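Input: a single structure, listed below in C-alpha cells.
The values are calculated or read from the model by the stated rules, or taken from the named source; none is laboratory data. Computed from a prediction, not measured in an experiment: that's the story for all the values here. Counting neighbours? That spans all protein chains shown, and the Cβs are built from the backbone with ideal geometry, glycine included.
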Amino acid sequence: MTKEEVRRLLGGRQYDRLLRLAEEEHRDVIGQLLAFLDAGDGLLRWRAIEGLGRVTGGLAQRDPEVGREIMGHLLESLRGEAGPLGGSAPEVIGEIIRNRPELFAGYVPELISLYEDRRLRRGVIWALGRIGKRRPDLVVSALPLLIRALEEPDPEIRGFAAWSLGEIAAQEAASALGDLRSDHETVTIYEAGKLWQRTVGAVALDALANIRARA
C-alpha cells in the first residue's frame with residue numbers, strides 16, 4: 001500500500017476499500033493514514049481523521065485489541081509535545097468512539113479531559129459533536145463546557161461549539177446559541193466530506209434549526 005494509493009482512496013472517501021486493505025495489512029494502512037494527519041489543516045487531514053475512525057472501528061469489530069492498541073498510540077502521542085499526530089488525536093479518538101461506541105465509550109471521559117488543553121480544544125469540541133450526534137447520552141457531562149465555549153474570544157472555538165451543540169441537539173443551549181446570531185466572524189468546519197466556511201452566526205442558526213427539528 002503506497003502513500004499515493006491511500007491519498008487516492010481518501011480523495012474518494014473510499015473508506016470501505018481502505019478497511020478491506022487494512023484487514024490484510026492493518027499496520028501499513030494505519031501508518032499511512034496517521035502520516036496524513038500531518039497534512040496541515042486542509043481537506044486531506046480531515047479525510048484521514050474520518051478514515052482512521054472508520055478503519056479502526058472496522059478492525060476493532062473483529063479484534064477489539066487492535067482498536068485498543070491504536071487508541072493507546074493516540075493517547076501516548078498526547079503525552080509528548082502534541083505534534084502533528086498529537087494535535088489531531090482528539091478528532092481521531094472521537095471518530096473511533098463514534099464508529100464503535102459499544103467498544104470505546106469508556107474513552108469519552110478522557111477525551112473530555114483534553115478540553116483543558118487549549119491546543120486541543122477545537123478538536124475535542126468537534127469530536128464531541130460527532131459522538132453526540134449518534135450517542136448524545138455519552139456527551140451529556142460535556143454540555144456545560146460546550147455552552148461556556150460559546151462565549152470564548154476565539155471565533156473558531158465559538159463556531160465549533162455552536163456546531164457541536166447543534167449536532168448533539170442540546171435543548172439547553174438554545175438561548176446561548178440565539179445570542180450568536182449576529183456574530184459575523186468566520187469559521188471553517190469539516191462536515192459531510194467537505195470544508196465549509198461560514199459565519200459563526202450562520203452556524204448558530206443552523207444549530208438552532210437542528211435542535212428544533214429534533215425536539
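Quick notes on this structure:
- Unique residue being crowded, with 16+ Cβ neighbours inside 10 Å, part of a helix (DSSP H, G or I), touching a Gly at 6+ places or on another chain (Cβ under 6 Å) and among the charged types (D, E, K, R) when the list is GLU50, GLU95, GLU69: GLU95
- Unique residue being in contact with a Leu (Cβ under 6 Å, 6 or more places away or on another chain) and under 25 Å from ALA173 (Cβ atoms) when the list is VAL66, VAL124: VAL124
- Of all residues in the range 24-47, those being surrounded by 14 or more Cβ atoms within 10 Å (Cβ to Cβ) and modelled with pLDDT of 90 or more number 13.
- GLY57 vs. criteria modelled with pLDDT of 90 or more, in a helix (DSSP H, G or I), touching a Phe, Trp or Tyr at 6+ places or on another chain (Cβ under 6 Å) and of a type outside the set (Lys, Arg): no
- Exactly one residue out of VAL108, VAL140 is surrounded by 17 or more Cβ atoms within 10 Å (Cβ to Cβ), part of a helix (DSSP H, G or I) and out of contact with any Asp or Glu (no Cβ under 8 Å at 6 or more places or on another chain), and it is VAL108.
- One residue stands out in the range 111-137 among those that are more than 14 Å from the chain's Cα centre (by Cα), of a type in the set (D, E, K, R) and in a helix (DSSP H, G or I): the one that is nearest to LEU37 (Cα to Cα), namely GLU116.
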